Amino acid sequence: MNFMGSNKELLLIHAGMKRVFLSHSINVMLTPQYYTLKKEELPVKYLYQAKKIAPSLFDGLLEEVGSYEYLVYKEGEKWVFIAYNPGQIRSLLLSKGINPEQVGKIFFAQQAVEHFKAPVLLGENEALVTLDNTVVVVPQAALDEEVKPIRFTNNFTPKTGITLQGSYGSLLSMKQAIALASVFLLFAGMFFIEGARYAKGSTATIEELQELQEAYPSLQSKIQRESIADKYRSIDSKERRKREIIKSFSGLIFKGATLTSLLVNDKGVKAEFSCSDEKVAKHLMQLAKKEKFSKVKSIGSNTVQIEGVL
Amino acid sequence: MSLKKYQNELIALLTLLLMVTALFYKSVQVSSGAKQAAEREQLVNEFKEIVTLKRVWADKKISKKLDKLKELTPASKVKWSKKGKKLTATYTGLSASELNKLTTKIMNLAVQIELLDIQKNGSSYTMEFKCKW
């Protein structure tokens, strides 16, 4: 059972093969003509470390046309480095009549080295054989006649392969897509966290409200709260007004003007001032008018009556 | 195959959609959170206002505070009647300074003034004061 999902037909691609016509998707395996191999014993432990140094190992070995990517894996004590040119592979596939879209995974012959126990013939002139645990292309004339060639089958399919990311007219490369996706995911995470924090609300206000509700349970009902508030607001405004008026009357007492009566009740206020002469009375009336009392009138020559409403 | 063709764009697009959704979620939470916070704050302010008003106008110690009005003038000048939460006080023969003291004190007491009647008789004053609390 293949859990890697590579149960498609495996096609061996080599220089001498004829064009094919496919109506289904396949996996392909490339012969050593289309990759560059290096095996090294390196003092590195992890794959990511080996992948990092891969480009430097091929310095001067690769053609400078196009960009290269690297497949790295461990084979016994050695690290195997395979350098390949995705552009070149794409062109090769097209030249053999294979649309890159039809290709699921691409493998390299070296990955299936354990299966090349006998030569695999490539057309009429060449063959794939294993020399020093490396898969190479040799002329068929060089093969030992006693060794029978084997057929290339799906059993050669290795566990891991590569895909030609972004090779199907894609606008973004895989790296670009991952970079963009990472940025978007980062922002999405930030927005979700911020949103969740706003959803919780300000704990300070919530706690204060809870404390108030516990301390004054009678105010929990909105109707009761409004009724109490209306009652005390009305008292507060009325009583403040009464005191303001009394205060303003005290401001009207000056030399020559004496308060002779003051009446304050729920209906309003009424005061009478006795003035020493007409001039004082006139001045008092002017001051009272400035205070905006509803009625300011003179009773007799030196008496001023002032009325106000609440 | 067509999906595979644009898999990189799809990855970017899906994560972009996720980000937009998160942004929308955040903005909804911000607006609703702000509304709820404003409502809570208004409620807290209402509570505080009522508590303050009650503390002022339903002061349990006001009865004792009112008794000090009796002490501001000699007992002979005041007729004092306090029943339940109502007070009627009649002052006679008050000097101007006594009247000033009394009115200042009354103005600073959190009671509902029902009547304040001041009359000048010659050089002295009479004052009738009715209040409730």
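The values are calculated or read from the model by the stated rules, or taken from the named source; none is laboratory data. Just so we're clear, the structure is a prediction, and the values are computed from it rather than from any experiment. Cβ coordinates were reconstructed from backbone atoms using ideal geometry, including for glycine residues, and neighbour counts include every protein chain displayed.
Apart from one condition, residue A:129 fits all of (1) touching a strand residue (DSSP E or B) at 6+ places or on another chain (Cβ under 6 Å); (2) in a helix (DSSP H, G or I); (3) among the β-branched types (Val, Ile, Thr); the exception is (2).
For the range A:197-250, filtered to residues that are at pLDDT 90 or above and among the polar types (S, T, N, Q), the residue that is farthest from residue A:287 (Cα to Cα) is A:227.
Taking the conditions (1) within 26 Å of residue A:293 (Cα to Cα); (2) part of a helix (DSSP H, G or I); (3) at the interface with another protein chain (Cβ under 10 Å from one of its Cβ atoms); (4) modelled with pLDDT of 90 or more in turn, residue A:194 satisfies each one other than (1). Within the range A:173-186, does at least one residue satisfy the condition of being in a loop (DSSP other than H, G, I, E, B) and under 30 Å from residue B:20 (Cα atoms)? Yes - at least one qualifying residue is present in the range A:173-186.
Residues that are closer than 26 Å to residue B:123 by Cβ and out of contact with any Phe, Trp or Tyr (no Cβ under 6 Å at 6 or more places or on another chain): does the range A:238-245 have at least one? Within the range A:238-245, one or more residues are closer than 26 Å to residue B:123 by Cβ and out of contact with any Phe, Trp or Tyr (no Cβ under 6 Å at 6 or more places or on another chain). Of all the numbered requirements in (1) without any contact (Cβ under 8 Å) to a residue 12 or more places away in the chain; (2) more than 7 Å from chain A (Cβ to nearest Cβ); (3) crowded, with 16+ Cβ neighbours inside 10 Å, residue B:55 misses one, and that requirement is (3).
Out of the residues in the range A:43-90 that are within 18 Å of residue A:164 (Cβ to Cβ) and polar (S, T, N, Q), state the one that is modelled with the lowest pLDDT. Going through the qualifying residues, I end up with A:67.
Can you tell me which residue among A:300, A:268 is out of contact with any Cys (no Cβ under 6 Å at 6 or more places or on another chain) and over 20 Å from residue B:114 (Cα atoms)?
Details: A:268 fails: over 20 Å from residue B:114 (Cα atoms).
Result of the check over A:300, A:268: A:300.
How about the range B:96-115: which of its residues are within 8 Å of chain A (Cβ to nearest Cβ) and over 22 Å from residue A:270 (Cβ atoms)? Matches in the range B:96-115: B:110 only.
Hey, can you tell me all the residues within the range B:1-17 that are at pLDDT 85 or above and either facing chain A (nearest Cβ under 7 Å) or under 30 Å from the mean Cα position of the chain (by Cα) (or both)?
Across the range B:1-17, the qualifying residues are B:9, B:11, B:12, B:15, B:16.
Conditions tested, residue by residue: (1) under 29 Å from residue A:39 (Cβ atoms); (2) at the interface with chain B (Cβ under 9 Å from one of its Cβ atoms).
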| residue | (1), (2) |
| --- | --- |
| A:96 | yes, no |
| A:108 | yes, no |
| A:120 | yes, no |
| A:135 | yes, no |
| A:142 | yes, no |
| A:151 | yes, no |
| A:158 | yes, no |
| A:174 | yes, yes |
| A:181 | no, yes |
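Residues checked against (1) outside the structural domain of residue B:123 (by TED's automatic domain parsing); (2) closer than 30 Å to residue B:120 by Cα; (3) in contact with a Phe, Trp or Tyr (Cβ under 9 Å, 6 or more places away or on another chain); (4) β-branched (Val, Ile, Thr):
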position	(1), (2), (3), (4)
B:19	yes, no, yes, no
B:27	yes, no, yes, no
B:32	yes, no, yes, no
B:46	yes, no, no, no
B:69	no, yes, yes, no
B:75	no, yes, no, no
B:85	no, yes, yes, no
B:101	no, yes, no, no
B:106	no, yes, yes, yes
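Flag: residue A:61 matches the condition of being surrounded by fewer than 16 Cβ atoms within 10 Å (Cβ to Cβ) and free of Cβ contacts under 8 Å to residues at least 60 places away in the same chain.
Among residues of the range A:182-206 that are of a type in the set (Asp, Glu), those with a beta-carbon under 6 Å from a residue that is buried (at least 17 other Cβ atoms within 10 Å of the Cβ) at least six positions away or on a different chain give the pairs A:194/B:26.
Quick one: how many residues across the range B:18-35 are facing chain A (nearest Cβ under 7 Å) and among the charged types (D, E, K, R)? Give the derivation first.
First pass over the range B:18-35, keeping only residues facing chain A (nearest Cβ under 7 Å): B:18-19, B:22-23, B:25-26, B:29-30, B:33.
Then drop every residue that is not among the charged types (D, E, K, R), which leaves B:26.
Residues flagged as facing chain A (nearest Cβ under 7 Å) and among the charged types (D, E, K, R) within the range B:18-35 amount to 1.
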